[in-house]
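The values are calculated or read from the model by the stated rules, or taken from the named source; none is laboratory data. All values derive from a computational prediction rather than experimental measurement. Reconstructed Cβ throughout: ideal geometry from the backbone, glycine too, with neighbour counts over all protein chains shown. Note: accessible area is taken over every heavy atom of the protein model, side chains too, but ligands, DNA and RNA are not part of it. Shrake-Rupley method; radii C 1.70, N 1.55, O 1.52, S 1.80 Å.
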Amino acid sequence: MMRCFTLYSEGSHRWLLFGQDTDANEAAVDTNQVAVSANGSTMLLDPGGMELFPAAMGALVHEIDIATVHNLFLSHQDPDIGSALPLWRQVVAPGAAIHVPELWTGYIAHFDTDAVLSPIPDEGGEVALSNQVKLRFLPAHYLHSSAAFCVYDPIARVLFSGDIGAALLPAGATRDIWVHDFAAHIQHMAGFHRRYLGSREARDAWIQSVMHLPIDILVPQHGLALRGQDVMRFLDWLSGLSIASGLDAYRRGIASRP
Amino acid sequence: MSFNPTPHRTIAGIKRYQGVLRQIETSVLRMLPEVTRINSAMSKLAGLSEDLRILSLNAELAAGRAGTRGASVRALTQYTRGLVRRLLELNENTAGQIGLYRQCASSLLFLRHLRQVEIASARLGTALQGGTAQHAGLALEQARRHYLDQVVTNVEGLLRAITDVARLVRVVDDVVGQAESIATNIATEAVTTGSHEGEFVAVAETMRRYVEELRTMNDRSAKAIRLSEKGCRRMREALAGLERQGTVVAA
């Protein structure tokens, strides 16, 4: 059973996270699917992989009328992000917009050649769910994907950070969605960030771009969400982290052998 | 095939449906090695046709050198070239062979989608009531119909592709029979060509070897086609059963 966590709720404006599916196949990495609703319109953020669709759909419809899903957002091109796209497209509102990084349109089409994609330019963009609630697509290129976006909601002060802030937690355990002990949580994030994030320049530029934003909640696509002071703690930790650890393989790798 | 839709289905019905989907998926997976055997066997057609074409040209030159004694052999070699043209034309028409892979791959993809939609339906069936459930149930029912239609279309396409390849195999079989007769006739006529006899006997033997290779190729394809066609018809029946299951009304 996939669980639902309310990250933010104010009237019809809600951020919901669906994840920690107890029936999920452990071979596939655990993912968070996020829905943002306001005034009868919903955007699904990184709706997930093909195998996860039944669980995600089952959990979602407990909370949200599927007919209100007018927008789908794929932060980047990985299969755990959106290989279920053709299935979602069959069940959400007809003609729902599918926002994807412009760079990846031709690649995401491999999941669903019939999908009409709305490309997000490198600079980012904005989509209104209601007159008040407007979601911003913020660049997160090279973190880890060459074209990636986060989603920021200035009213809820929630940042969906995609793979930034992701943590790979031990399988099987059901838990709260919030990080309660940031220092203890670092062990679950460190390996992922060191290896998957490849560009120090991009990391620094991203931190600069989000640092001035009021963020109460940072929710990644894998693992637990951060809130309050933990958001700044995370940015501080990330800014000093040694990343691109895969570069070491060039020295150790088979090509360097005589 | 037409589909009789209804949004009311029992959980047991959905589970039976899932079981049939798994059987169909297994059938497609079992068909893939047969399709590979067909394509692998038929891939030899171009090479054998070319060998036969060169052989007939050389035989015609030899018949020319033999003068009037080679006249009957020349007529036979010209007939052989006609057969080669038929083989080469067949080889250009590979749409059926390519279609086999395409239809198998698409069927597997849509079956996988359909299975996920069915799992979602089963989860939904036990969990929800009210307007939200109606919207979700209707959306899943439409998705199910969409994917079932796609699977049906693909299985029909697969059957058409198999029929195309089977037709090709029958033509090759016909050519093989005629080429065998020509080889026998060349061997018979060789006796009348005096000093050229050895040359024409060699032509007849080489042609028999090529014919034998064509026959082996065809036999391998024919067996794989029979199995594929049988599998396809079984899938078609199972799909028709699924369409009937779509009309099960909840108790």
Looking at (1) under 30 Å from A:ASP248 (Cβ atoms); (2) outside any loop (DSSP other than H, G, I, E, B); (3) open to solvent by 30 Å² or more (accessible area, probe 1.4 Å), find the lone condition where A:ALA202 falls short.
(3)
Any residue in segment B:160-180 that is more than 9 Å from chain A (Cβ to nearest Cβ), under 20 Å from B:LEU109 (Cα atoms), assigned to a helix (DSSP H, G or I) and acidic (Asp, Glu)?
no
Would segment A:136-152 turn up any residue that is in contact (Cβ under 8 Å) with a residue 12 or more places away in the chain, part of a loop (DSSP other than H, G, I, E, B), under 30 Å from A:SER12 (Cβ atoms) and more than 13 Å from the chain's Cα centre (by Cα)?
no
Take the residues in segment A:90-124 that are more than 27 Å from B:LEU114 (Cβ to Cβ) and aliphatic (A, V, I, L, M); name whichever of them is most open to solvent (accessible area, probe 1.4 Å).
A:LEU103
Looking at segment A:39-66 only, could you name the residues that are open to solvent by 20 Å² or more (accessible area, probe 1.4 Å), within 23 Å of A:PHE137 (Cα to Cα) and within 14 Å of chain B (Cβ to nearest Cβ)?
A:GLY40
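Inside segment A:21-38, can you point out the residues that are away from chain B (no Cβ under 14 Å), modelled with pLDDT of 90 or more and more than 13 Å from the chain's Cα centre (by Cα)? Before you say what the answer is, go through the steps one by one.
First, pick out the residues of segment A:21-38 that are away from chain B (no Cβ under 14 Å): A:26-27, A:29-32, A:34, A:36, A:38.
Next, from what is left, pick out any that are modelled with pLDDT of 90 or more: A:31-32, A:34, A:36, A:38.
A:ALA38, the sole residue that qualifies.
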Working only within segment B:50-83, note down all residues that are within 11 Å of B:MET207 (Cβ to Cβ) and hydrophobic (A, V, I, L, M, F, W, C).
B:LEU52, B:LEU55, B:ALA59, B:LEU76, B:LEU83
Residue satisfying all of: in segment A:67-79; in contact (Cβ under 8 Å) with a residue 60 or more places away in the chain and out of contact with any helix residue (DSSP H, G or I) (no Cβ under 7 Å at 6 or more places or on another chain); least open to solvent (accessible area, probe 1.4 Å) among these:
A:PHE73
Residues of segment A:214-232 classified as under 21 Å from A:GLN33 (Cβ atoms) and among the charged types (D, E, K, R), total
2
It is to be established whether one or more residues within segment A:233-247 are closer than 27 Å to A:ALA38 by Cα, in contact with a helix residue (DSSP H, G or I) (Cβ under 6 Å, 6 or more places away or on another chain), of a type in the set (Gly, Ala, Ser) and touching a residue at least 12 places away in the same chain (Cβ under 8 Å).
no
From A:LEU197, A:LEU235, grab the single residue that is under 24 Å from A:LEU17 (Cα atoms), open to solvent by less than 70 Å² (accessible area, probe 1.4 Å) and in contact with a Leu (Cβ under 8 Å, 6 or more places away or on another chain).
A:LEU197
For segment A:186-198, state whether one or more residues are at pLDDT 95 or above and closer than 25 Å to A:ILE98 by Cβ.
yes
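Can you confirm whether B:THR206 is open to solvent by 10 Å² or more (accessible area, probe 1.4 Å) and either modelled with pLDDT under 90 or in a helix (DSSP H, G or I) (or both)?
yes
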Pairs, please: C-beta under 9 Å, at least 6 apart or cross-chain, first residue open to solvent by less than 40 Å² (accessible area, probe 1.4 Å) and in segment B:35-46, second among the aromatic types (Phe, Trp, Tyr) and modelled with pLDDT under 80?
B:VAL35/B:TYR101; B:ASN39/B:TYR101
Which residue is nearest to the other protein chains (Cβ to nearest Cβ), if the candidates are limited to segment B:99-126 and must be basic (Lys, Arg) and farther than 11 Å from A:GLY58 by Cα?
B:ARG112
Selected residue (criterion: farthest from B:MET235 (Cα to Cα)) from residues of segment B:89-124 that are modelled with pLDDT of 85 or more and open to solvent by 30 Å² or more (accessible area, probe 1.4 Å)
B:ILE119
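Consider segment A:156-175. How many of its residues are among the β-branched types (Val, Ile, Thr) and either part of a strand (DSSP E or B) or surrounded by 15 or more Cβ atoms within 10 Å (Cβ to Cβ) (or both)?
Taking segment A:156-175 and keeping what is among the β-branched types (Val, Ile, Thr), we get A:158, A:164, A:174.
Remaining after also requiring either part of a strand (DSSP E or B) or surrounded by 15 or more Cβ atoms within 10 Å (Cβ to Cβ) (or both): A:158, A:164.
Matching residues across segment A:156-175 total 2.
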Taking the condition of being within 19 Å of the chain's Cα centre (by Cα), within 11 Å of chain B (Cβ to nearest Cβ) and touching a residue at least 40 places away in the same chain (Cβ under 8 Å), how many residues in segment A:85-132 meet it?
1
Return the total of residues in segment A:142-160 being at negative phi and either touching a helix residue (DSSP H, G or I) at 6+ places or on another chain (Cβ under 6 Å) or modelled with pLDDT under 95 (or both).
3
